[in-house]
Amino acid sequence: MKNTVLLFVVMLLCITANAQEGVKFEELTFKEALAKAKAENKLVFMDCYTSWCGPCKKMLNTVFVKKEAGDFFNSRFVNVKYDMEKGEGIELAKQFNIKKFPTFFIFRPDGTIQHKIGGAGSLNSFLSWVERGLNEKTSLDYLNKLYEKGPMDKKQLLDYYRTLAYAGENEKSNTVLGELKGKLDTKDRLQPEYWFLLKERPYGSEECNFVVSNYSKLKENVGKETVDGYLESRYHKILDQVIQREGGNNEKTMKEFFERITKEWASMKWEPEKRLQNKMKLLQACLAQDSESIYACLDFGLNKQENPKWNFDVWVLLSALDFVNASGEKVDVQKLFALEERVSGYFSSSANTRKRVQAYFEKFR
């Protein structure tokens with residue numbers, strides 16, 4: 001019993017020590033915080049949160065409690081936090097048009113906004129954006145005023161876009177992004193700092209076509225692992241859709257996709273990873289209604305050693321059985337039964353998934 005009490009006391013002391021080392025949020029009104037910041041030659045850091053906001057709690061309980069956070073914030077700011085749905089927070093939310101949580105502000109002692117950050121993040125990433133707010137020439141307020149004065153160059157627009165995006169100013173950030181895109185030439189789009197414009201776009205988009213056409217240079221500038229990862233994710237997604245005939249894809253469309261992707265891989269001199277190669281072989285086998293090749297691709301795709309992500313592909317792979325059924329050949333019942341047993345065994349801990357597998361195979365009996 002004594003040991004239990006001692007352990008509890010030690011844990012309590014550790015929690016208290018961590019809280020003292022972290023960011024010191026003071027119980028002050030906004031007006032009082034500004035006055036104290038002026039007297040101490042500091043800025044005001046304001047955390048705008050709500051009681052129901054998960055990311056708000058994450059920042060408070062895992063980021064702001066750290067000693068590194070305390071060392072950074074306590075020496076530079078008067079730190080305050082307000083629930084935007086209680087007390088003074090209600091008026092502050094209206095005054096500063098706060099609609100997303102968490103939102104963080106850096107105020108000058110005169111009450112003007114120097115910087116704004118929206119959303120949660122790790123300590124390192126969050127500190128990097130706070131530091132941008134401390135630097136007058138990278139702060140949101142400075143960039144807002146610079147934008148209003150006249151045309152920005154590409155670097156300034158890029159900085160402004162990122163600052164707006166991290167501030168949660170989505171409408172304005174999209175406007176600035178459009179202006180930035182209009183200034184970029186091919187050489188710019190090949191640079192690492194503009195990779196973000198390409199990396200989220202789907203297969204078939206102008207941006208994806210650009211990556212395919214400029215694979216060699218992007219691999220050199222951005223990095224092989226990054227570019228290959230982008231291409232693999234896009235090709236997996238489109239092949240999944242084609243093999244499952246999503247969106248009403250017919251065999252003519254499937255053949256067009258197969259020929260197009262084959263040409264793209266050849267033009268890039270690109271060798272995809274085995275899982276992706278297997279899906280292309282499966283698509284080819286489906287088009288040929290070659291049951292033996294379909295079974296061979298299923299065998300490879302469902303092999304956990306060969307394909308660590310087999311569970312992502314199960315229903316894509318099984319959908320290829322429709323082509324075995326459509327070939328006019330007599331279905332090999334033994335192979336089909338063995339396949340059903342194998343797949344069901346993978347989901348031994350999920351009765352619902354096993355029932356789904358059983359229901360799927362019924363149509364082939």
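The values are calculated or read from the model by the stated rules, or taken from the named source; none is laboratory data. Bear in mind the structure is a predicted one, so any value in this text is a computation, not a measurement. All Cβ positions, even for glycine, are placed from backbone atoms using ideal geometry, and neighbour counts span all protein chains on display.
Can you find a residue in the stretch 321-334 that is at pLDDT 90 or above, among the acidic types (D, E) and surrounded by 13 or more Cβ atoms within 10 Å (Cβ to Cβ)?
Looking through the stretch 321-334, none of the residues is at pLDDT 90 or above, among the acidic types (D, E) and surrounded by 13 or more Cβ atoms within 10 Å (Cβ to Cβ).
Evaluate the stretch 122-137: report whether one residue or more is within 27 Å of V176 (Cα to Cα), modelled with pLDDT under 95 and either touching a His at 6+ places or on another chain (Cβ under 7 Å) or acidic (D, E) (or both).
Yes, the stretch 122-137 contains at least one residue that is within 27 Å of V176 (Cα to Cα), modelled with pLDDT under 95 and either touching a His at 6+ places or on another chain (Cβ under 7 Å) or acidic (D, E) (or both).
Please enumerate the residues belonging to the stretch 51-71 that are in a helix (DSSP H, G or I), closer than 19 Å to G118 by Cα and free of Cβ contacts under 8 Å to residues at least 60 places away in the same chain. Steps first, please.
Keep residues of the stretch 51-71 that are in a helix (DSSP H, G or I), which gives 54-63, 67-71.
When the remaining residues are screened for being closer than 19 Å to G118 by Cα, the result is 54-63, 69.
Correct list: G54, K57, L60, N61, T62, A69.
Residues of the stretch 20-47 being among the basic types (K, R), in a helix (DSSP H, G or I) and more than 13 Å from T112 (Cα to Cα), which ones?
Initial filter on the stretch 20-47 (among the basic types (K, R)): 24, 31, 36, 38, 42.
After this cut, where a residue has to be in a helix (DSSP H, G or I) as well, the list is 31, 36, 38.
Once the filter is applied, which keeps residues that are among the basic types (K, R), in a helix (DSSP H, G or I) and more than 13 Å from T112 (Cα to Cα), the stretch 20-47 yields only K36.
Go through I98, I90, I106 for me and flag whichever is assigned to a loop (DSSP other than H, G, I, E, B), in the same structural domain as K58 (by TED's automatic domain parsing) and either touching a residue at least 40 places away in the same chain (Cβ under 8 Å) or surrounded by fewer than 20 Cβ atoms within 10 Å (Cβ to Cβ) (or both). Step through it out loud before you land on a result.
Numbers: I90 fails: assigned to a loop (DSSP other than H, G, I, E, B); I106 fails: assigned to a loop (DSSP other than H, G, I, E, B).
Just one listed residue meets the conditions, I98.
For the structure I just gave you, tell me whether K224 is within 21 Å of M280 (Cβ to Cβ), surrounded by fewer than 14 Cβ atoms within 10 Å (Cβ to Cβ), among the charged types (D, E, K, R) and at pLDDT 95 or above. Lay out the reasoning, then the answer.
Numbers: within 21 Å of M280 (Cβ to Cβ): yes; surrounded by fewer than 14 Cβ atoms within 10 Å (Cβ to Cβ): yes; among the charged types (D, E, K, R): yes; at pLDDT 95 or above: yes.
Judged against the criteria, K224 is a match.
Listed residues G247, G178; which is in a helix (DSSP H, G or I) and modelled with pLDDT under 95?
G247
Filter the stretch 216-233 down to the residues that are small (G, A, S) and either over 14 Å from M268 (Cβ atoms) or out of contact with any helix residue (DSSP H, G or I) (no Cβ under 9 Å at 6 or more places or on another chain) (or both) and list them by number. Steps first, please.
Filtering the stretch 216-233 for residues small (G, A, S) gives 216, 223, 229, 233.
Within the stretch 216-233, G223, G229, S233 meet the criteria.
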